[in-house]
Each structure stands twice: as structure tokens, then as C-alpha cells.
1. Name every residue in segment B:299-351 that is outside any loop (DSSP other than H, G, I, E, B), out of contact with any helix residue (DSSP H, G or I) (no Cβ under 6 Å at 6 or more places or on another chain) and of a type in the set (D, E, K, R), in order of residue number.
2. Return a yes/no flag: does segment B:202-211 have any residue that is under 26 Å from B:Asp16 (Cβ atoms) and either touching a Cys at 6+ places or on another chain (Cβ under 8 Å) or at pLDDT 90 or above (or both).
3. Within segment B:274-294, does at least one residue satisfy the condition of being at pLDDT 95 or above, in contact with an Asp or Glu (Cβ under 7 Å, 6 or more places away or on another chain) and buried (at least 22 other Cβ atoms within 10 Å of the Cβ)?
4. Got at least one residue in segment B:122-141 being farther than 23 Å from B:Arg293 by Cα and of a type in the set (A, V, I, L, M, F, W, C)?
5. Any residue at all in segment B:148-158 that's modelled with pLDDT of 95 or more, closer than 24 Å to B:Leu17 by Cα and surrounded by 21 or more Cβ atoms within 10 Å (Cβ to Cβ)?
6. Report yes if B:Val121 is in contact (Cβ under 8 Å) with a residue 40 or more places away in the chain, of a type outside the set (Gly, Ala, Ser) and surrounded by 21 or more Cβ atoms within 10 Å (Cβ to Cβ), otherwise no.
7. So, in segment B:223-234, exactly how many residues are free of Cβ contacts under 8 Å to residues at least 60 places away in the same chain and either within 14 Å of chain A (Cβ to nearest Cβ) or within 23 Å of the chain's Cα centre (by Cα) (or both)?
Amino acid sequence: MKIDAGKLVALLIWKAVRWFILNMPDRLLASVFRGLRRLAWVVTGDDQLRSVITEVVEIFEDGPKYTDTVRMMLREADPDYSSDVLRGALKI
Amino acid sequence: MEKIRLGVIGGGRISDLNILGYLSHPKCEVLAVCDINEDVARARKAEWGADRHYLDYRELLDDKDIDAVEILSPHRLHHPMVLDAAAAGKHVSVQKPMSIDIREARQMIDACKDAGVMLKVFENFVFYPPYCKAKELIEQGQIGEPLSININLGAGVGGWWVPLKTWLWRVNWDECGGGPTIFDDGFHKMSIARWFFGEIETVKAWVDFTFGAIDSPAMITWRHKNADRLGVWETSMSPNLQMSGKYYTADERVELVGTKGVIWVTRCTAKLMEIPPLILYRDGCSTVFDDMRDDWGDSFHDSGRDFIDCLLEGRQPLLSGEDGLALMQFWKAIYNSFDQGLEVRPDDMTE
């Protein structure tokens, strides 16, 4: 059986991210993303990446006004399609 | 009026483009900027050479030096802001879509009429130079009697960065007034369908949803009041389709079919392929039009200048409030058609 490694990785990342966001509270997720932002900056020094993660942090800090929509979309998302989107974003 | 002093309410992403025509018009002065984010308000003031900034749009409307306002806020704020602007005696240009429902649209039209101020619905597609040329060719009879318009909208990846919070309110139907594809972006497509071939008689639509909130893929069909003319609009999403473009990665291809010819407009917002923006086929020959401005930003520039020209010349803007209302009815007909599985007439839409 031929395994598409990129698709598998993307699907696993997708499932993990989805589980976390659907099951963890906004404040904890904001903290996690703040930590990820710091790590990403140390590892890559990429300003643009830091800006994007900052936007994600702000969404979780602002709470249900935005996160209700995020969770609704994650619940409705088709796993195959979503992992394709992620795969394209990660270029894997 | 010899010069129009303009106040801009909303300094978000799209203001980068809406401002272009105002900055270039010799009889327009961008006097004031308003944004709830002070950093944004100050940055736009500096960038546009404006004299003053506000954090509350009502303070901008109280400014006696301002003649007209450009409203670039989220859709649910269009109605209260237009009503307040009219009450303050300011001419108004409000970004498409006009409102979140038909009732609001009617109230906005009435308020501006009662106050004696102009209302423009800022729609840039009808100022996109290749579309304008296509309309000119149709009016010259180059394709004979028009028969159908086929609009293809594909979404890909690439383009400019839009803040994530902006995307989130645009997929929230309560905030946006409808879906991001067929209502928000679709206002453009509905505008050109009506502008090219006239009022819409009846609509039949099928819509599927991606991520539960994005109204695409979809297939929308309609008949124009001129019963010989039909329309089709297909939307799709391609998550790994790389697209060249400075703005949103929307692949728009429009085909206009007539009794003796066909016109293709091959792009608008983004540029999928390096081919001419406009091609005419008739009498066995293709004519290519490649010598015109074809950047999406040009359409914003020309629409903004049109608002100023209309104010100076005392004529109706494109789009007028009534045009905006007709498009809200078109959208509602599409929504009711896919929601109920029926053929629906826009004229029957009242809410």
C-alpha cells in the first residue's frame, strides 16, 4: 500500500490541532499560542510568522466573539479537505 | 461645491484600495480618518496626508468641515452609520454590500433622500476597465443580441494578507449578513450580471458549504427580465491552486455570449494565467484587447473618482442606493432558492 507521507502528516497535525481547540478553554489556548509564538521567534526569527501567531493569540484572548466561529468551523470541517488545506500551507 | 472634503470611516485592509481615487482626484481632499483602533487611525492619517483623525465616527460626522464620507466598516454597521451620516448632512459612499438585509437598505435610501444627500454603494467591478470595454463592445453590437453570461469564480491560495479576525467576522452570517462567497464577494458578481444584461426575473441556486460557514461550492442560475438572456455563476474552492495576484486570490472568468460572437474577460481580482484580459470572437476571428489598465486596484480608483465627479456634477452615482437594493433582493432570492429548493423571484424579496 502506497503511503502519501505528506497527507498523513497533515492529517495527524490537523486532528491534533482540532482536538486541542475543541477541548481546551480559550485562556489556556491563548497561553499555548503565546508560548508557540516565542518558540517560533527563537527558532526562525520570522517576523511575519510572529505576526500571524499574534493574531491567533488575540482571537483566543478575545474569546467567544471569535472562538465560537472557529469551533463551529472545526466541527463542520471535512478531515480530507482540511488536511489538504494544511498540506498546502505547510508545503509538504 | 468646488472641492469635496472627505472623511473615511474605517482604515482596514480594503481602505488601501478605496482611497486611491480620492487621493488622485484634484478636487477631493481626504480631510479626516476614523478608526476605533488609534494606531490605525494615526497611521492612515499620516499615510493619506489627512488633517485629523477620530476614534468615534460620530465625532467625524459632527465635523462641519467634512462634506462627504466613505464608510468602510463591517456590514452590520453600514445601516446605523449611513443613517447618522445622512442626519449629519453628509453625502455618503458605503462599501458593498450595502446592508445586511432589505429592510435596512430601504431605510438607508429613504434617510439619504429625506436629508437631500447622495448615497452611493461603492462597487468596483463595474469600473474594472476590461468589464467596461466588454460592455462597450456589447452596446456596439459586436456579439449581436446578448444571450447569456457565464461567471466562474474559483478561490485559490496566495495574494495579500487579510487579518484573521477580519476573515472570522466575514464567515459569521450574523456579522456579515450572509456568506462570504455568495453574499460578500458575490455582490460583485451579481452587480456585473445586472449591469451587463439587466434586471433579474427569477433565480435557481444550489449551494454547498465548506467548514460549515463558507458558501461554496455553488451553482447559481437565473433568467433576466429580458427572457432571452440567461445567467450562470459557478463557484469552487481549490485549496492547493496557486494563483498570482496582489489581492484576494479569486479566479474570475466571465463569458458573454451573443447571437454572433463571444467575449471573454479572463480576470479581475487575481491573474490565473498570462493571457490578455479581454478577447472578442466573431466572424471567425479573435480580437485581443491587451492595451488597457487591468489591475483590480484600477477599478477602485475609478469608482472613487466617480463618487467625487457625481457630487461635483450633481448626477446619480454608480451604484445608486436603488441599485444596491436590487442587488440585496437578488441575493435574497439566491438564498431562499438554495434554502428552500425553489425557483425564486428577486422582486418578491422584501426582507
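1. Within segment B:299-351, B:Asp306, B:Asp309, B:Glu313, B:Glu322, B:Asp323, B:Lys332, B:Asp339, B:Asp347, B:Asp348 qualify.
2. no
3. yes
4. No, every residue in segment B:122-141 fails to be farther than 23 Å from B:Arg293 by Cα and of a type in the set (A, V, I, L, M, F, W, C).
5. Among the residues of segment B:148-158, at least one is modelled with pLDDT of 95 or more, closer than 24 Å to B:Leu17 by Cα and surrounded by 21 or more Cβ atoms within 10 Å (Cβ to Cβ), which makes the answer yes.
6. yes
7. 3
For every residue, the table says whether it meets (1) away from every other protein chain (no Cβ under 14 Å); (2) crowded, with 18+ Cβ neighbours inside 10 Å; (3) farther than 23 Å from B:Gly179 by Cβ.
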{"position": "B:Trp206", "(1), (2), (3)": "yes, no, no"}
{"position": "B:Phe209", "(1), (2), (3)": "no, no, no"}
{"position": "B:Ser236", "(1), (2), (3)": "no, no, no"}
{"position": "B:Leu241", "(1), (2), (3)": "no, no, no"}
{"position": "B:Thr249", "(1), (2), (3)": "no, yes, no"}
{"position": "B:Leu256", "(1), (2), (3)": "yes, yes, yes"}
{"position": "B:Lys260", "(1), (2), (3)": "yes, no, yes"}
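The values are calculated or read from the model by the stated rules, or taken from the named source; none is laboratory data. Everything numeric in this text was worked out from a predicted model, so none of it was measured. Because the Cβ atoms are built from the backbone with ideal geometry, glycine has one as well, and the counts that use them run over all protein chains shown.
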